[in-house]
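Here is the structure we will look at.
Nothing in this text is a laboratory measurement; each read-out follows from the coordinates by a stated rule. Please read these numbers as outputs of a predicted model, since none were measured by experiment. So basically every Cβ, Gly included, is an ideal-geometry build from the backbone, and we count neighbours across all protein chains shown.
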Amino acid sequence: MSKSAVIIGGGLGGLFTGAILAKEGVKVTVIEKNTTVGGGLQSFTRFGEVFDTGMHILGGMNPSGNAYKVCQYLGILDKVCHQEVDAQVVDSIYFASDKTYYHTAKGKENFVAALAAQFPHQKDHLTAYVEAIYRIVGEFDLFYLRSTKEGAFLPTYSNEAMSPVNHFIAQYISDEKLRNVLAYLNPFYGGVENVTPTYIHALISVLYINGPTRLAGGSYLFAEALKEVILQNGGEVRVSDGVAKVMSADKTITSVITQKGKVYTADYYICAIHPCTFLTLLDDVTLLPKAFRNRLDSIPNTGSAFLLNIKFKKDTFPYINHSSYYMNNYEDIWRFGDETFHWPLGFLYITPPEKEQGAFANKLIVTAPMSWNEVKQWEHTTLGHRPADYQQWKEACAEKLIQKLTEIYPNFRDCIEAINTASPLTIRDYYGTKEGSMYGFCKDANNIVLSQIPIFTKVPNLFLTGQNCGGHGFCGVMLTAIQTSEALLGQNYVLNKINSHE
């Protein structure tokens, strides 16, 4: 192996980048502080059930999708048990203010028809809106795994793609209520009114319209599949020993030292953790220009979340083969970052599938977006050493969510056997993200240059990967991993390899 790379962080970005590089002959070493790899793919066991920590829904896993092709290239398709959601109900959205349900469906025509059934006067508007988001996504060569122009690691896109998403929706949809319904995913990718660019909304929406899938049996199985690719190609994955210090000399990185004192050297170093966390590891902070460091510190982070994990009593709650969303009010779609409104404004809840799923669900996972300020008073505490008032606060938060679920399912409490909770503090400590951010840096349509973090740095042997550099979620992180890998292997090298498997 002619090249070697140390990857700091074994989350989704680190594992995807490591798997691609290892497959292409790079000697990869992944260093992860937690006991297991995976980041948002991590799972944990409570009450005899496996709960996923973050990654619940995958886009692009249909045979023509980008994730399917990448998994095919990596040779892990048969190791990943993914289950399609109901085609007629991809997502169900409930608004408590008028007790109304809406649903989306798979496929462009079905998506329009499902919403036009309740907004018949907006059918033509919906058709134009859907065509517009597909047109915007068509600008992104990487989304379709198309070869990119030389040097186009940070290409420019149309004004429409870069406009604030709420302006974009309003341009096509005249009904205000429908505008809010179409923005139902906004709180779950950290969207902010008048700030979040349309391309983020478009990319995620297209993935959902094309048909998302779910990981059966636990998202950790996907992390393990990526880990195996690294190991089978001569790489190493070190857990329970995070990087404590990044050493440098002559404006290049020379080694990393772990918390247990082990030293790792390589030709290249890849940061797969939050860039602001990485800055604290540098032995010489001036290795990166002051302007770049200040820029990282100044970019707002997307919000965090409170997580409620519920184990059901046997055969008491039906399995739901789609994602469900609870919203207090239509206008709340754009208020999740506004702390003048009482938490929770809404939440996502899902019944994760087992490998052999029956009619009843074993468990339920609730994700309720939450501001860091809700837990700021305990920010200096650590896992296992939180005070009693924090535990009481968590119990109160869980109760608020259960009360709202009981509005929809009157016998919901009778189904509960046990619960487990996690807050933005938990997410911060496990993921190593600033303020427990779930979706990385906030992208700003008004200053897109500020929030576009390139995978290249001023340090010739240091590269970045993960959602802070590219798009949100599974697909965004996977595509950014391709870009980071090609920074070492050559532009379009990996894309050509992926496409040769078709």
Inset, instruction - With a Förster radius of 56 Å, plug the Cβ-Cβ distance of Asp389 and Lys251 into 1/(1 + (r/R0)^6) and report the FRET value to the nearest 0.05. - result: 0.70
Legend entry - Around Val243: net Lys/Arg minus Asp/Glu count, Cβ-Cβ under 11 Å: +3
Inset, instruction - May I ask which residue of Ala398, Pro387, Asn461 lies farthest towards the positive end of the charge dipole of the range 372-491, with charges of +1 (Lys, Arg) and -1 (Asp, Glu) on Cβ and the Cα centre as origin? - result: Asn461
Inset, instruction - Report the extension gain between Asp78 and Lys458 in nm, rounded to one decimal, defined as 0.36 nm multiplied by the number of residues separating them, less their alpha carbon distance. - result: 132.8 nm
Legend entry - Virtual paramagnetic centre 7 Å along Cα→Cβ of Ile402, amide N under 13 Å, in the range 299-333: 308-313
Inset, instruction - Go through the range 53-143 and name the trypsin sites (Lys or Arg not before Pro) that are in a DSSP coil and have 15 or fewer other Cβ atoms within 10 Å of their Cβ. - result: Lys99
Legend entry - chymotrypsin sites (Phe, Trp or Tyr not before Pro) lying in DSSP loop within the range 76-178, provided at most 15 other Cβ fall within 10 Å: Tyr157
Inset, instruction - Just report the Cα centroid separation between the range 90-168 and the range 312-349, whole Å. - result: 21
Inset, instruction - Between beta-carbons, use under 10 Å as the cut-off and find the net charge around Thr127, counting Lys and Arg +1, Asp and Glu -1. - result: -1
Legend entry - Estimated dipole of the chain in Debye, rounded to 20 [Cβ of Lys and Arg +1, of Asp and Glu -1, Cα centre]: 900
Inset, instruction - Grab the other residues whose beta carbon is less than 14 angstrom from that of Asn186, score K and R as +1, D and E as -1, and report the net. - result: -2
Legend entry - For a label point 7 Å along the Cα-to-beta-carbon line of Lys497, residues of the range 202-239 with backbone N under 16 Å: 226-236
Inset, instruction - Report the full-extension gain for the segment Ile416 to Arg135: residue separation times 0.36 nm, less the Cα-Cα distance, to one decimal in nm. - result: 96.7 nm
